[in-house]
Each structure stands twice: as C-alpha cells, then as structure tokens.
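I have placed the structure first, in the form of structure tokens, so that the comments after it can refer back to it.
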Amino acid sequence: MARPSSLDELIEALRCLPGVGPKSAQRMAYHLLQHNPRGGERLSLAIAHALKNLRHCIRCNNFTEAEVCERCASSKRDPSLLCVVEMPVDLNTMEQTHAFNGLYYVLMGRLSPLDGIGPRELAFERLMARVGDGLVKEVILATNFTNEGEATAHYLSELLRARGLKSSRIARGVPVGGELEFTDAATVAQALRERREY
C-alpha cells in the first residue's frame with residue numbers, strides 16, 4: 001500500500017481539530033501552502049513548542065509552563081474560593097467577567113459514562129486533595145448546564161458535602177440584554193426558581 005502524500009498527511013492532520021471536516025481541512029491546507037507558507041511554518045513551530053513545554057499546573061490543573069501557574073501563585077487572589085470549571089476555555093470566560101477573584105480548578109472534561117469518562121478519568125481525587133488544603137472555604141461549581149455538566153456538579157457536590165465542605169452552583173436564567181419573548185420556557189422557569197430579592 002502506497003504511503004499517503006505530504007498533502008494528504010497535512011489534510012488528515014488538520015482534521016484532528018474540533019469541527020474540522022474533510023472539506024475544511026482541505027481548504028486550510030491549500031491556504032497555508034498557497035497563500036501563507038510562513039504562517040504554516042509558524043503554526044508548526046508553535047504547536048511543537050506548546051507540546052514540549054506545556055504541562056498541568058499542580059494546583060489548578062490548567063496548562064502552564066511552570067509547575068504552578070501565575071494565577072495560583074498570585075497573592076492577590078482569594079484562596080478561600082475555588083471555582084471548578086470543565087475546560088480551560090471556561091476558566092478564560094470566567095476571568096473575562098472580572099467578577100471572580102478566587103482560584104480555579106480545571107477538570108479537563110465532565111462525567112460522561114457513555115464515553116467512558118468517570119471520576120477516575122477526571123482525577124477527582126486530585127480535586128479532593130486540592131480542596132482539602134485547609135484554605136478553601138467554598139467550592140463554586142461552574143460546570144456547563146448540559147446533562148453531563150449537571151451530573152458532574154451533582155456528583156462533586158455530594159463528594160464535597162461528605163467532606164464537610166461548602167459548595168455552591170452558578171445560577172442560570174435569562175441572559176443580560178435578553179427579552180422574555182425570545183427566551184425558551186425552560187430558561188425562564190429556571191430564572192423564576194433562582195430569583196432573588198431586588
């Protein structure tokens with residue numbers, strides 16, 4: 001059997017990216033080769049550098065080049081609050097709000113028994129060791145509001161309760177700037193249940 005050509009290898013490699021199918025991978029490959037070979041070379045070097053140098057922070061599990069990331073090492077953050085998120089992109093979203101000054105823990109996924117992802121695969125024991133450091137007073141569960149995210153939050157809340165630790169769940173409801181007329185009934189119902197005194 002003949003070895004795939006360099007072009008075929010490139011197209012197949014680009015398909016590993018989320019949301020990139022055969023046509024998109026083909027377009028990207030041709031663009032890099034024809035219009036931006038220097039960008040393709042830079043991309044290749046950046047990926048190789050990241051794979052070689054990035055690791056998981058021993059405190060928050062996010063990606064970093066150091067043993068402990070800058071955020072976890074900062075004396076300006078409140079160590080009594082720990083926000084648990086599914087992925088690094090969720091941490092970035094939380095940080096963009098400028099509404100949270102505690103620390104984080106990134107699960108790098110969510111419980112999904114159908115995909116073979118359970119507590120062991122997400123290393124929940126690492127999280128439990130982290131929250132048991134004597135500094136954490138409240139764990140904020142900020143997993144997504146999908147079935148898997150809800151199951152993950154519920155499972156973690158039970159583990160935390162068993163250890164006598166306080167946990168809370170981020171609220172959900174009508175988005176800022178949203179109109180009731182265009183909001184689905186389940187979201188409005190949740191907003192009613194999670195209403196607060198005004």
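The values are calculated or read from the model by the stated rules, or taken from the named source; none is laboratory data. Quantities reported herein were computed from a predicted structural model and do not represent experimental measurements. Every residue, glycine as well, gets a Cβ built from its backbone with ideal geometry; the counts of neighbours run over all protein chains shown.
Pull up the stretch 44-86, narrow it to residues that are basic (Lys, Arg) and part of a helix (DSSP H, G or I), then point me to the one that is surrounded by the most Cβ atoms within 10 Å (Cβ to Cβ).
ARG71
Quick one: in the stretch 163-189, of everything that is outside any strand (DSSP E or B) and either under 23 Å from ARG59 (Cβ atoms) or hydroxyl-bearing (Ser, Thr, Tyr) (or both), which residue is nearest to the chain's Cα centre (by Cα)?
Looking at the filtered set, the residue picked out is ILE170.
Does the stretch 52-108 hold any residues that are of a type in the set (S, T, N, Q) and in contact with a Leu (Cβ under 8 Å, 6 or more places away or on another chain), and which are they?
The answer is ASN61, ASN62, THR64, SER80, ASN101.
Hey, does the stretch 168-178 have a residue that's among the β-branched types (Val, Ile, Thr) and closer than 14 Å to VAL84 by Cβ?
Yes.
Quick check, is VAL188 over 21 Å from PHE100 (Cβ atoms), among the β-branched types (Val, Ile, Thr) and in contact with a helix residue (DSSP H, G or I) (Cβ under 9 Å, 6 or more places away or on another chain)?
Considered against the rule, which asks whether it is over 21 Å from PHE100 (Cβ atoms), among the β-branched types (Val, Ile, Thr) and in contact with a helix residue (DSSP H, G or I) (Cβ under 9 Å, 6 or more places away or on another chain), VAL188 comes out as yes.
Among the residues of the stretch 87-118 satisfying the criterion of being touching a residue at least 24 places away in the same chain (Cβ under 8 Å) and in a strand (DSSP E or B), which is farthest from the chain's Cα centre (by Cα)?
Looking at the filtered set, the residue picked out is GLY102.
Here is a check on your reading of the model: is THR146 touching a residue at least 60 places away in the same chain (Cβ under 8 Å) and either within 16 Å of the chain's Cα centre (by Cα) or surrounded by fewer than 15 Cβ atoms within 10 Å (Cβ to Cβ) (or both)?
no
Does any residue of the stretch 29-37 turn out to be over 21 Å from the mean Cα position of the chain (by Cα), in a loop (DSSP other than H, G, I, E, B) and either modelled with pLDDT of 95 or more or not small (Gly, Ala, Ser) (or both)?
Yes, because at least one residue in the stretch 29-37 is over 21 Å from the mean Cα position of the chain (by Cα), in a loop (DSSP other than H, G, I, E, B) and either modelled with pLDDT of 95 or more or not small (Gly, Ala, Ser) (or both).
When you go through LEU192, LEU160 one by one, which is the residue that is among the aliphatic types (A, V, I, L, M), in a helix (DSSP H, G or I) and modelled with pLDDT of 95 or more?
Residue meeting the stated conditions: LEU160.
Taking the stretch 151-198 as the region of interest, how many residues are among the acidic types (Asp, Glu) and either buried (at least 16 other Cβ atoms within 10 Å of the Cβ) or in contact with a Lys or Arg (Cβ under 9 Å, 6 or more places away or on another chain) (or both)?
The qualifying residues number 1.
Answer yes or no as to whether GLY134 is surrounded by fewer than 11 Cβ atoms within 10 Å (Cβ to Cβ) and farther than 24 Å from ASP78 by Cβ. Steps first, answer last, please.
Details: surrounded by fewer than 11 Cβ atoms within 10 Å (Cβ to Cβ): yes; farther than 24 Å from ASP78 by Cβ: no.
Answer is no for this residue.
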